[in-house]
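Please treat every number below as a calculation from the coordinates, not as lab data. Computed from a predicted model, the values in this text were never measured in an experiment. Note: ideal-geometry Cβ built from the backbone for every residue, glycine included; neighbour counts use all protein chains shown.
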Amino acid sequence: MRPGSVLIVGAGLAGSAAAWHLDRTGWQVTVVEPTASVPESFLLQLDETAQAMMSTMGADDLVRSSSAPSPRVSMRWGKNRVRRTHFSSGDMRLAVRHELVAGVRDMIPGTAIMKIGLRLSALDHTAWGLTATFDDGSRESYDLVVGADGIGSTVRRLMFGPDQPYLYRNGLAHIWFKVRARTPADTAVVASRHGVAWQIYPYPDPRTTLALAAMELPDGAHKDPGDLSARCAQLVRELGHDLDEVADAVATVDPYISRFTQVRMPTWSTGRAVLIGDAAHCVDPLSGLGAHASLLDASVLAHSLQTQSHHHGAFAAYETHVRPFIRAGQNTTSRILEYVTTPQDVTRRRTLAHGLREAVSGVPTLATRVGRQRVGGTPLCARPVGAAAVTAS
């Protein structure tokens, strides 16, 4: 397809990477982003493929400066007593999310037009493209629009309608604690006890730890943050006395609470607009797939636009490449979390059976259609990882 003008809405990891790739393939790129700086957030996992895709962008130094090797993991479980095993994280790295995203945003070429501090307020299809209206009243026309504006995507709402049909929620909440404490021997802890799934990971600065719980939390429950912190501190303490320092720190800070939400859409494009990253297919922070999926989307979309003769074919090719990977990741992550947070044995077995069927059915497609294909020498994706590493969306 002959390059033209493209508006990218959102300058997170997916949007910034898309701006980098599309500029290099000849597109006239405009990026609109309401925030001047990347908000401080939590951790982001970089698996081997995500690191390889960053390397193709010339971002090896950024990866090294904003991340550290993922530590050895202690897995813990058990109803009456804590059972343990250990495993290596391989070549994965844990990045401080806002540092990595800010670095990729800084890599957007100077030829791109940056509309920082503006918000998209309307999108209208015309005979030859899309007209975008911004919150300052200005209007511009573009050949294509890429929605990379996260789970609460404005592009998705304007182009596809209300969010409700596309959001999958299972009633679980994520309880986040960033504390000044060290994990035992600077290892990570992944645990499941008493209907709560835990991921406790040290930051690249080992004096700081992220403790993330997934649990049932009805709306309105624990209106006093101190009560929730105290409850979570006790749950951490019950995972082992070597986590007492982390538990003591959890008891002293207020948590950040988010809800398990996946974006599940039948298609990621309409007309000349296409969605990427969490706007198209948020998996879940506990999946460890956020960076991989965002970088994959940006690379594959740019490659598809370069090799297809029309945007319809390019959008279809992008979705054909990426969707099997996302479907497997979403199904595996949701079923694992629903299994480990469900106390009833019969319900747990039924949940696990559904999850295994979905995971097994997705593996052949994932391996044959996606896993063996490459873009620019980089594998399009690695195997799906289910609830085994912590990220922040």
Exercise for review: Once you have all Cα-Cα distances for the chain, histogram them in 20 Å bins from zero and send the whole-percent values.
Suggested key: 28, 57, 15, 0
Review point. For the chain, what is the calculated [θ] at 222 nm in deg cm²/dmol (nearest 500), taking -39500 (n - 2.57) for each run of four or more DSSP H residues and dividing by its residue count?
Key: -11000 deg cm²/dmol
Point to revise | the stretch 71-105 and the stretch 4-68: distance between their alpha carbon centers, rounded to Å | key: 23
Practice item. Output the antiparallel fraction of DSSP beta bridges having both residues in the chain, as a percent to the nearest 5. Key: 70
Review point. To the nearest 10 degrees, how steep is helix 225-237 against the longest Cα principal axis of the chain, on a 0 to 90 scale?
Key: 60
Check your understanding: Sorted from largest down, what three extents in whole angstroms do the Cα atoms of the stretch 37-141 have along their principal axes?
Key -> 63, 36, 27
Exercise for review: Please arrange 49, 307, 111, 187 by counting, for each residue, the other beta carbons lying within 10 Å of its beta carbon, fewest first.
Suggested key: 111, 307, 187, 49
Point to revise | the stretch 225-301 - Rg over Rh from alpha carbon coordinates, Kirkwood radius | key: 1.21
Exercise for review: Find the centroid of the Cα atoms in the stretch 296-333 and in the stretch 245-262, then give the distance between the two in whole Å.
Suggested key: 35
Point to revise | With Cα atoms, 0 to 90° folded angle of helix 311-340 axis to the chain main axis | key: 10
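Subtract the Cα-Cα distance of residue 77 and residue 48 from 0.36 nm times their separation in residues, and report this length gain in nm to one decimal. Mind showing how you got there, number by number?
Details: separation 29, 0.36 × 29 = 10.44 nm, distance 2.76 nm.
Here the answer is 7.7 nm.
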Revision key, fill the gap. Fewest-first ordering of 77, 198, 176 by Cβ atoms within 10 Å yields 77, 176, 198
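In whole Å, what three semi-axes, largest first, describe the equivalent ellipsoid of the stretch 172-259 built from its Cα gyration tensor (square root of 5 times each eigenvalue)?
Values: eigenvalues 82, 34, 27 Å².
The answer is 20, 13, 12 Å, longest axis first.
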Exercise for review: Could you work out how far helix 290-307 tilts from the main Cα principal axis of the chain, as a 0 to 90 degree angle to the nearest 10?
Suggested key: 20
Check your understanding: By counting other Cβ atoms within 10 Å of each Cβ, how are 282, 232 ranked from fewest to most?
Key -> 232, 282
